[in-house]
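Have a look at the structure below, then the notes.
The values are calculated or read from the model by the stated rules, or taken from the named source; none is laboratory data. Everything numeric in this text was worked out from a predicted model, so none of it was measured. Neighbour counts run over all protein chains shown; Cβ positions are idealised from the backbone, glycine included. Ligands, DNA and RNA are excluded from the accessible area calculation, which covers all protein heavy atoms including side chains. Shrake-Rupley method; radii C 1.70, N 1.55, O 1.52, S 1.80 Å.
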Amino acid sequence: MKERCPWLKLTNDQYVKYHDREWGRPVHDDQVLFEFLILEGAQAGLSWETVLKKRDNYRKAFYQFDIKKVSKITPAKVEKLMNNPGIIINRLKIESTISNAKAFLKIQKEFGSFDKYIWSFTEGKTIYNSFKNLKEYPSKTQLSDDISKDLKKRGFRFVGSTIVYAFLQACGIVQDHSTNCYLHGKKLRRLKD
């Protein structure tokens, strides 16, 4: 049996698939980056496992994370989303998805893509860490502090430093597979769902 990161609950096949096929693999697609940014924000106060179970419902509710469509969600649609048991029902999180889409579009216009913007913080390179157990993993870093501050300045919400660090891990900007994990230190590439 393959050894995996200590945070992974092996009882959930969906979680194992997420770890093996997505987490820590570099993302350069703006739509996927937007999806992870929104889902990490939705996770605030909850477990990633909860969000992962609702991910398909989020994709349906938010137009497969089509940034332009999400930016145009109306107050009437927000009320419908407030009655959607398939997503996390939290008005602030739902409304932040819309305002974050608008801020995301501004970054795309300024930088050419969100990908160029977010990867510029590490000069386009993945940061490889070597943590063995859960106690060693930070909840935030100077990098996530800096990005969080910049995103907030640009109008994003639900982008505190801890959320941003989880986003960086998910998108492979930071590669935090533990030293005993079979994926540790490998140059990973994005796999299709």
Quiz item: Which ³J(HN,Hα) values, rounded to whole Hz and listed in residue order, are derived for the stretch 37-49 from phi using the Karplus coefficients 6.51, -1.76 and 1.60 in 6.51 cos²θ - 1.76 cosθ + 1.60 with θ = phi - 60°, glycine and proline given as x?
Solution: 4, 5, 5, 5, x, 5, 6, 2, x, 10, 8, 5, 4
Exercise. Taking H placed 1.01 Å from N in the peptide plane, check which residues at least 5 places from Gln175 or on another chain put their amide H under 5 Å from its amide H.
Key: Ile127, Tyr128, Asn129
Quiz item: Mean separation of Cα pairs under 8 Å and 6+ residues apart, divided by the residue count of the stretch 51-108: what relative contact order is that in percent?
Solution: 39 percent
Quiz item: Within the accessible area of the stretch 145-190, what % is carbon and sulfur when the probe is 1.4 Å and the other protein chains stay in place?
Solution: 52 percent
Exercise. With a/c under 1.5 counting as rounded, go ahead and sort the stretch 114-165 into rounded, prolate or oblate using the C-alpha gyration tensor (a ≥ b ≥ c being the square roots of the eigenvalues; past the cut-off, prolate if a/b is larger than b/c, else oblate).
Key: oblate
Quiz item: Of the heavy-atom accessible surface of the stretch 1-135 (probe 1.4 angstrom), what whole percent is carbon and sulfur?
Solution: 52 percent
Quiz item: Between Asp56 and Glu3, what FRET efficiency comes out of the Förster formula 1/(1 + (r/R0)^6) with R0 = 35 Å and r the beta carbon distance, rounded to 0.05?
Solution: 0.75
Exercise. Would you compute, from DSSP H runs of 4+ residues alone, the mean residue ellipticity of the chain at 222 nm, taking -39500 (n - 2.57) per run and dividing by the full residue count, rounded to the nearest 500?
Key: -15500 deg cm²/dmol
Quiz item: Can you work out ³J(HN,Hα) from phi for every residue in the stretch 121-129, in order, using Karplus 6.51 cos²θ - 1.76 cosθ + 1.60 and θ = phi - 60°, giving whole Hz and x for Gly and Pro?
Solution: 5, 10, 6, x, 10, 6, 8, 9, 10
Quiz prompt | the stretch 140-148 - phi-based ³J(HN,Hα) in whole Hz, Karplus 6.51/-1.76/1.60, Gly and Pro as x | solution = 7, 9, 4, 4, 5, 4, 5, 5, 4
Self-check item: Share of pairwise Cα separations in the chain, more than 30 Å, in percent
Solution: 17 percent
Quiz item: Using heavy-atom solvent-accessible surface (probe 1.4 Å) with all chains present, what is the largest-first order of Asp176, Asp29?
Solution: Asp29, Asp176
Quiz prompt | Whether the stretch 57-148 is rounded, prolate or oblate, judged on the alpha carbon gyration tensor where a/c under 1.5 counts as rounded | solution = oblate
Quiz item: Where only protein heavy atoms count, and the probe is 1.4 Å, what is the accessible area per residue for the stretch 37-173 in Å²?
Solution: 51 Å²
